[in-house]
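The values are calculated or read from the model by the stated rules, or taken from the named source; none is laboratory data. Only a predicted model underlies this, so the values are computations on that prediction, with no experimental measurement involved. Every residue, glycine among them, receives a Cβ derived from its backbone with ideal geometry; neighbour counts consider all protein chains shown. These area figures cover heavy atoms from the full protein model, side chains too; ligands, DNA and RNA do not enter into them. Shrake-Rupley method; radii C 1.70, N 1.55, O 1.52, S 1.80 Å.
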Amino acid sequence: MSFLLTARQPCYNRPCPPEKRMFKEELNPVETIILRTLKSLKIEWDAEIVWSSTPFSGEWGFGTAIGFQAAAKDAAAKDSGVKNIPQRAQEIAQALVKAIGAPAGFVSVEAVRGYINLSIDPQVYARRVVDTILADGENFARGDAKTEKVMVEYSAPNTHKAFHVGHLRNVILGGAMANIFEFAGYETVRANYWGDIGWHVIKWLWCYLRFHKDEEPQGDRTRWMQEIYSQATQLVEDQPEMEEEARKLYKRWDARDPELIALWERTRSWSIEGIMQIYEVLGEHFDVFFFESEVEEPGKKLVEELITRNIAVDDRPNGGTVAIKLDELLGLDKETFRVLVVLRSDGSSLYATKDLHLAIKKFDEWNIDRSIYVIDVRQSLYMKQIFKTLEIMGFKQSLNCFHLAYEIVNLPGDVTMSSREGTVVMFDDLLQEAVKRARDIVQQKNPGLSEDLKAKVALSVALGGLKYPLLAVDTNKVATFDWESALNFEGQASPYIQYAHVRANSILARAGDIPAPVSPAYTLEAAEITLLDRLSRLPETVQRAAQDYKPLHLANYVYDLAREFTNFYQRCPVLRADENMRNFRLRLTAAARQTLKNSLALLGIQAPDVM
RNA sequence: GCACCCGUAGCUCAAAGGAUAGAGCGACUGACUUCGAAUCAGUAGGUUGGGGGUUCGAGUCCCUCCGGGUGCGCCA
């Protein structure tokens, strides 16, 4: 049987996509020789050849462990008599090296303990890397256009509630993921799905009518909405008669009482406006908004269809629910998918009612090929149930649905943030504090800047400071929010990367124009080679991040790049160097600046010119 | 009970089944008359939770145990 979540697992073990390898012209002929030689050695080989960079500082080259893999195959073959695989690997590597000879573009070809190492000529390739980056500019590392169209659903906020830092991880992750898909060459649709109806909204409306009638939101709308929501929750939880009273409002809702609907529309728009402001600050935009309220009725119709088709069981006559007994339908003895309730006993809709319809609507109306859901890990079983149900319904594209799960953000002591319980840190509070701190540091480091510029820099540093740590940790790690570390911008953090960009910019500003293309006529320093090697890798990193659904790859990449650029400018004088060296290093600096900027942009982080 | 996730330096985390497991923070020692010190150089810190297995090769894959987190019929 097929588990859907394995159908769309990221494909690991895929090296750099050939289309984006900056040295394919040189490596391809070598690969041809290797394959031909292996054939003549009677060793079967049909996989890709994986090249990784050689791990020796100051050298620039590619290595492959193919000798080991070939030796292992050789040993597995009957009658080969091969016992000592490392020894055989070295023999094969030597044979391959002999066959490869002295190919164009490489300065050395060696067999080392079973590995084959090719060193490229840095003087030649240094120029290629730099020229490519400067010619491509902000499109450097953009992938070739793919035929696949991808939708990324993320954020999915509830109206009438807080937007807290627990929600931040979702937006930042989803936004970065969408950026990456788009840049990798996929046509990308950013979708947001608003929870604008349900018990939380009914409670809110009840509380408003009862205690806040005719009030208008004061100041921070989202906060004001949250305060009423907290009050409503508390009242309903503490006093059963209050809950009863609030629930009565459902009747008016179901009857589409015009007055109530009008109030809902007005209050809902307050919430939406407030949250849209947050998106604007974060630099997020969406191509399409779905609303729970608009998919509720079609969802119910879909459930009727499921009942008719004997997929869902209608137990309402006995006071039960409408449910899909997945394990039973699939004939599974072991509990796997369990039961998905798709309609309440009173006939009202649930999350699943709407999600089933919406899943199909996405493909039908947007003509997408893949549908990605950025939703926290606690909904993994639920997502599996939805996708499986779609599959049972015969909706083949269910195989192209993928749940991008991420762990939640807790408060210290494993306290889960909950707007219901009011245990939240509001995004706005965090941002304001972060901006304040960043502003203080700018003031201290660069008092000469205009006030306007200081404010701009502080905002981009603060936002980067908040975003980067959420992207630089793998999605399956639980995050703990505490003020101290959230506002600590030292070390492996966004300001360090932004600062590297600023320094590059500063050198270039002093130099004036970027010189014309030039090859280095001197022996490159190790720091330069390391930097060039890293620069050449952004294209493959973008592809890998998209393939693995991991902005983390880029977060790691851009930090490494920043560190290597910093190392370069500390060791290698640029402006004071002789003409050829100065010109090449200026171009290298410009290439680093561009690549830092492009990489940060994919993470949704701005690269300031000064700070 | 059935599943999923986590466990790597004192702390927070990296690490394409591949070459010597790397960063940051914290600690200690140094570097601003030098392209900007939000920086850099150096020192210390590890039997990758324990035990089996697969493999030429395991932090990475499989099994098992321990410790922590999460989910599992009318919440979203």
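Structure notes:
- Subset of segment A:572-583 (residues that are more than 7 Å from RNA strand B (Cβ to nearest atom) and either crowded, with 18+ Cβ neighbours inside 10 Å or part of a helix (DSSP H, G or I) (or both)): A:E579, A:N580, A:M581, A:R582, A:N583
- In segment A:230-257, the residues that are in a helix (DSSP H, G or I) reach residues that are of a type in the set (G, A, S) with C-beta atoms within less than 7 angstrom, at least six apart or across chains, in these pairs: A:S230/A:G422; A:V236/A:A246.
- Every pair of residues 6+ apart whose Cβ atoms lie under 7 Å, when the first sits in segment A:400-415 and is open to solvent by 40 Å² or more (accessible area, probe 1.4 Å) while the second is modelled with pLDDT under 90 and part of a strand (DSSP E or B): A:V415/A:T423
- Looking across A:E328, A:E305, A:E294, A:E335, one residue alone is assigned to a helix (DSSP H, G or I) and within 11 Å of RNA strand B (Cβ to nearest atom). It is A:E328.
- Residue list for segment A:429-461, filter: within 27 Å of the chain's Cα centre (by Cα) and more than 9 Å from RNA strand B (Cβ to nearest atom): A:D429, A:L430, A:L431, A:Q432, A:E433, A:A434, A:V435, A:K456, A:L459, A:S460
- Residues in segment A:168-201 that are among the basic types (K, R) and either assigned to a strand (DSSP E or B) or farther than 14 Å from A:K550 by Cα (or both): A:R190 alone.
- Leading residue by the ranking (farthest from RNA strand B (Cβ to nearest atom)) among those in segment A:352-367 that are among the aliphatic types (A, V, I, L, M) and under 23 Å from the mean Cα position of the chain (by Cα): A:A359
- Meets criteria (touching a residue at least 24 places away in the same chain (Cβ under 8 Å), crowded, with 22+ Cβ neighbours inside 10 Å and aliphatic (A, V, I, L, M)) for A:L431: no
- All positions within segment A:191-250 that are away from RNA strand B (no atom under 16 Å from the Cβ), among the β-branched types (V, I, T) and more than 31 Å from the chain's Cα centre (by Cα): A:I228
- Flag if A:R370 is under 21 Å from the mean Cα position of the chain (by Cα), basic (K, R) and under 30 Å from A:W483 (Cα atoms): no
- From the list A:L588, A:L538, the one residue that fits, being in contact (Cβ under 8 Å) with a residue 60 or more places away in the chain and in contact with a Ser or Thr (Cβ under 7 Å, 6 or more places away or on another chain), is A:L538.
- With respect to the conditions (1) at pLDDT 95 or above; (2) within 10 Å of RNA strand B (Cβ to nearest atom), A:L535 falls short on a single one, namely (2).
- Residues of segment A:496-524 that are within 11 Å of RNA strand B (Cβ to nearest atom), in contact with a Phe, Trp or Tyr (Cβ under 8 Å, 6 or more places away or on another chain) and either open to solvent by 20 Å² or more (accessible area, probe 1.4 Å) or outside any helix (DSSP H, G or I) (or both): A:Y496, A:R503, A:I507.
- Residue list for segment A:49-103, filter: touching a residue at least 40 places away in the same chain (Cβ under 8 Å), within 13 Å of RNA strand B (Cβ to nearest atom), open to solvent by less than 50 Å² (accessible area, probe 1.4 Å) and in a helix (DSSP H, G or I): A:I66, A:G67, A:A71, A:I92
- Some residue of segment A:340-351 being in a helix (DSSP H, G or I), in contact with a strand residue (DSSP E or B) (Cβ under 8 Å, 6 or more places away or on another chain), near RNA strand B (Cβ under 10 Å from one of its atoms) and open to solvent by less than 60 Å² (accessible area, probe 1.4 Å): no
- Segment A:472-481 - residue that is open to solvent by less than 50 Å² (accessible area, probe 1.4 Å) and near RNA strand B (Cβ under 10 Å from one of its atoms) and, of those, farthest from A:M177 (Cα to Cα): A:A479
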